[in-house]
Amino acid sequence: MNYTNFADQSSGIGALGVNLQALVIQLITFLIVLWVLKKFAFKPILKVLNDRRTLIEAGVKLGNEMKNKELEMEQKREKILHDAQAAADKLIADSKDEAKEIVNESEADAKTRADAILEAANKTIDENTKRSKKKLEKELVGLISEATEAIIGEKIDATKDSKIIDKVLKGESA
């Protein structure tokens, strides 16, 4: 078959304006270029694309893991803050209770001290009152002796004088 004259035919492929020889050469050239590209270009390009897809998937996976870790850390932080707040509230409550206890103890101690001071003051007052009464009695005895001596006109001895004074003080008649 003669391919050069095939395009001259008015029927078949020639009628379409296709040169069969040029078509076969282009087909062979296409197959050679396809083989060269497949051998030297497509494999490295596909390898780069696969590596890139793997890297992107790893990045997305890492991003998701980091997001999960962030949520987990946020939950831990919230728990720690909650626990810290609870501990602080307990510490404040304990401090208030302890302060109330200290105040109550101080009040009790102050009351005890005040009672002791009041008792000592009453004791001192009683002693001073007794001493003052004795001193007053002695002075009164002296005054009564002088008054009796002035009324009777004679000196009475101390024994007789004290008996008379005792009777007078007790309200008895002499």
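Counting only residues that are touching a residue at least 12 places away in the same chain (Cβ under 8 Å) and part of a helix (DSSP H, G or I), which one in segment 13-42 is surrounded by the most Cβ atoms within 10 Å (Cβ to Cβ)?
L20
The rows are residues; the columns are (1) in a helix (DSSP H, G or I); (2) of a type in the set (A, V, I, L, M); (3) under 43 Å from the mean Cα position of the chain (by Cα).
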site: K61; (1), (2), (3): yes, no, yes
site: E65; (1), (2), (3): yes, no, yes
site: K76; (1), (2), (3): yes, no, yes
site: A87; (1), (2), (3): yes, yes, yes
site: I102; (1), (2), (3): yes, yes, yes
site: E119; (1), (2), (3): yes, no, no
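D161 versus (1) surrounded by 10 or more Cβ atoms within 10 Å (Cβ to Cβ); (2) at pLDDT 75 or above; (3) of a type outside the set (G, A, S): which is the lone unmet condition?
All conditions are met except number (2).
Among the listed residues K123, K111, which satisfies the condition of being part of a helix (DSSP H, G or I) and more than 30 Å from L169 (Cβ to Cβ)?
Unique residue meeting the criteria: K111.
Please state which one of E70, E149 is out of contact with any Asp or Glu (no Cβ under 6 Å at 6 or more places or on another chain), closer than 28 Å to K167 by Cβ and not basic (K, R).
Within the list E70, E149, the selection yields E149.
Consider only pairs whose beta carbons are under 6 Å apart and that are at least six residues apart or on different chains; among these, list those whose first residue lies in segment 89-101 and is on the phi > 0 side of the Ramachandran plot and whose second residue is surrounded by 10 or more Cβ atoms within 10 Å (Cβ to Cβ) and of a type in the set (A, V, I, L, M).
No pair meets every condition.
The values are calculated or read from the model by the stated rules, or taken from the named source; none is laboratory data. Keep in mind that what you see is a predicted model, and the values were worked out from it rather than measured. No Cβ is skipped: glycine too gets one built from the backbone with ideal geometry, and neighbour counts run over all protein chains shown.
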